[in-house]
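J.: Provided herewith is a single structure, encoded as structure tokens, for subsequent inquiry.
The values are calculated or read from the model by the stated rules, or taken from the named source; none is laboratory data. Quantities reported herein were computed from a predicted structural model and do not represent experimental measurements. Cβ sites come from the backbone with ideal geometry, for glycine too, and all protein chains shown count toward neighbours.
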Amino acid sequence: MALLHAISLLIVFTALFSFINYKYLKVASAVGVMLVSLLFSIGIVIIGHLAPQLLAQTVQTITKIDLQETFIEVILSSLLFAGTIHIDTKALLKESQTILILSVIALMFSTVVAGSLLHFTLGLVGIHLPYIYSLLFGALISPTNNVVVSAVIRQTKLSKKLKTDMEGESIFNDAIAIIVFLGISEVLRTGIDNFDLNYLFRLFVKEALGGIAFGVLLGYLGFRLLKAVHVDKVDFLITLAVVIGGYDLAKVLTISAPLSVVMAGLVISALRDREIQILEVAHQDKQIEEEIEYRKHVDVFWELIDETLNAVLFLFIAFEIVAIKLNLDYILAGIIAILVVLVARFISVTLVIPFTRIKKRRFRAISIFTWGGIRGGISLALALSIADQASRNIIITTTYFVVVFSVLIQGLTIVSFVKKISPHEEIIEREETS
């Protein structure tokens, strides 16, 4: 019952904040819900340390839950799909080179740089985190939150091209980060002495290609079912079946379940865009309006799922931190991690940007990608899935600190940051058309 009370209280607070935000604050909905969840989780941490007896039963209930199976199979798949179902696939294809470089190569660099820097800097202050676990942290903290990034950059005056790059990167780097995370976890499981780089590479290729192919098929089947039925409740159930059933089947086939879900969402989105284009050619205005309305309902449904799951993740991780009992070392590690992640993001983007289609004002783009790299639910879920207790405590704490900073500071200042670094909208538009 303690868990039910905690989740119900969180949802009540989230609904209340959504109302206040819509009526008075006017902050982007995705950012607003995540913000109140984060603030609520900070309140839990403070109460847990000042009056631990008040939360003792709830903390005990939550820490007994086997999070690995739940988060990896259900929450991660839902978060990934929610980030793809609304995307403009036509614009995404135009920027595919830039997006793939940022979401794959830059993420690899970020994983290594963030992990190595964290291991080195924590060692300097006497905090031991094994290097392999530091790399695990680098993998889970590198992906950005698609729904929050999309909501925030819509408020900026960036060119459509750069907005597409940021949205596209945040879609694919989630799936790639999970693959990298699971690859490092496999090294941990088998032992570094038995590590086979060729095997890991073959596994990566098999999972990636298999996941893409299966995701395309899954998305096509999902679209055909959606096209045959235009009833909101059935549409919701079909997309849920694609996400949960598709993720589970991909695991049975030993291919990348994250990539399968991402590709399924992209294919459904692309085919629905194509359906509207066909109706436009046929001048079927009434059917176009109906199609857009049905699609809007599905998009809102998945936005709600994303916001709710992010809220629940903050709740879980807050109670985990109460159980950890923060000390000075953990707080110091969290502060160091914030700086490390920003530096790693800056370095990784700087290294790959010359190979993208971004040719002009590169330092501006690097700065925006660095400060606009807002973390969220994927990072929290992966941190909670780690098994080793000693390293898990440090990684959960550092992840929480980074996400708190990312949402509170970066998320709420990115619009003003873009205005300062790109004060003239017409300059950006000329770049887009050149």
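J.: Residues in segment 333-359 that are part of a helix (DSSP H, G or I), out of contact with any Ser or Thr (no Cβ under 7 Å at 6 or more places or on another chain) and not β-branched (Val, Ile, Thr): how many?
T.: Going through segment 333-359 one residue at a time, the tally reaches 4.
J.: If you don't mind, another one. Select from segment 232-243 the residues that are surrounded by 15 or more Cβ atoms within 10 Å (Cβ to Cβ) and at pLDDT 90 or above and list them in ascending order.
T.: Ile238, Thr239, Leu240, Val242, Val243
Each row is one residue, and each column tells you yes or no for (1) surrounded by 19 or more Cβ atoms within 10 Å (Cβ to Cβ); (2) within 20 Å of the chain's Cα centre (by Cα); (3) under 30 Å from Ser159 (Cα atoms); (4) basic (Lys, Arg).
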{"residue": "Ile336", "(1), (2), (3), (4)": "yes, no, no, no"}
{"residue": "Leu339", "(1), (2), (3), (4)": "no, yes, yes, no"}
{"residue": "Arg345", "(1), (2), (3), (4)": "yes, yes, yes, yes"}
{"residue": "Thr356", "(1), (2), (3), (4)": "yes, no, yes, no"}
{"residue": "Lys359", "(1), (2), (3), (4)": "no, no, yes, yes"}
{"residue": "Phe363", "(1), (2), (3), (4)": "no, no, yes, no"}
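J.: While we're on this one: Of Tyr294, Tyr330, which residue is touching a residue at least 24 places away in the same chain (Cβ under 8 Å), under 21 Å from Lys227 (Cα atoms) and assigned to a helix (DSSP H, G or I)?
T.: Just one listed residue meets the conditions, Tyr294.
J.: Moving to a separate point now. Take Val267 and tell me if it is in a helix (DSSP H, G or I), without any contact (Cβ under 8 Å) to a residue 12 or more places away in the chain, within 27 Å of Ile288 (Cβ to Cβ) and not acidic (Asp, Glu).
T.: For Val267, the condition - in a helix (DSSP H, G or I), without any contact (Cβ under 8 Å) to a residue 12 or more places away in the chain, within 27 Å of Ile288 (Cβ to Cβ) and not acidic (Asp, Glu) - is not met.
J.: Let me ask something else. Could you list all residues from segment 113-159 that are of a type in the set (D, E, K, R) and within 21 Å of the chain's Cα centre (by Cα)?
T.: Selection gives Arg154 alone.
J.: What residue, of Val59, Val27, Val31, Val36, is modelled with pLDDT under 75, more than 28 Å from Ala151 (Cβ to Cβ), hydrophobic (A, V, I, L, M, F, W, C) and within 27 Å of the chain's Cα centre (by Cα)?
T.: Of the residues listed, the single one that is modelled with pLDDT under 75, more than 28 Å from Ala151 (Cβ to Cβ), hydrophobic (A, V, I, L, M, F, W, C) and within 27 Å of the chain's Cα centre (by Cα) is Val59.
J.: Report, by residue number, each residue of segment 120-157 that is in contact with a His (Cβ under 7 Å, 6 or more places away or on another chain) and without any contact (Cβ under 8 Å) to a residue 60 or more places away in the chain.
T.: If the condition is that a residue be in contact with a His (Cβ under 7 Å, 6 or more places away or on another chain) and without any contact (Cβ under 8 Å) to a residue 60 or more places away in the chain, then Tyr131, Ser134 are the ones that fit.
J.: So which of Ala323, Ala311 is under 24 Å from Leu129 (Cα atoms) and either surrounded by 20 or more Cβ atoms within 10 Å (Cβ to Cβ) or over 21 Å from the mean Cα position of the chain (by Cα) (or both)?
T.: Ala323
J.: Within segment 68-92, which residues are at pLDDT below 70 and crowded, with 19+ Cβ neighbours inside 10 Å?
T.: Matches in segment 68-92: Phe71, Ile72.
J.: Suppose the filter is among the aliphatic types (A, V, I, L, M), over 17 Å from Phe204 (Cβ atoms) and at pLDDT below 95; does Ala151 pass it?
T.: yes
J.: Just checking, which of Thr156, Thr144, Thr164 is under 21 Å from Val407 (Cα atoms), part of a helix (DSSP H, G or I) and touching a helix residue (DSSP H, G or I) at 6+ places or on another chain (Cβ under 9 Å)?
T.: Thr164
J.: Additional query: When residues of segment 223-254 are filtered for being farther than 29 Å from Gly183 by Cα and touching a helix residue (DSSP H, G or I) at 6+ places or on another chain (Cβ under 6 Å), how many remain?
T.: 8
J.: Still on this model: If I go through segment 116-133 residue by residue, how many of them are modelled with pLDDT under 95 and within 26 Å of Asn310 (Cα to Cα)?
T.: 1
J.: Taking the stated definitions as given, is Asp285 modelled with pLDDT of 80 or more, over 25 Å from the mean Cα position of the chain (by Cα) and of a type in the set (D, E, K, R)?
T.: no
J.: Please enumerate the residues belonging to segment 109-119 that are over 16 Å from Ile366 (Cβ atoms), touching a residue at least 40 places away in the same chain (Cβ under 8 Å) and in contact with a Ser or Thr (Cβ under 8 Å, 6 or more places away or on another chain).
T.: Answer for segment 109-119, where residues must be over 16 Å from Ile366 (Cβ atoms), touching a residue at least 40 places away in the same chain (Cβ under 8 Å) and in contact with a Ser or Thr (Cβ under 8 Å, 6 or more places away or on another chain): Thr111, Ala114, Leu118.
J.: Applying the selection to segment 227-245, what residues are free of Cβ contacts under 8 Å to residues at least 60 places away in the same chain and part of a helix (DSSP H, G or I)?
T.: If the condition is that a residue be free of Cβ contacts under 8 Å to residues at least 60 places away in the same chain and part of a helix (DSSP H, G or I), then Lys227, Ala228, Lys233, Val234, Leu237, Ile238, Leu240, Ala241, Gly245 are the ones that fit.
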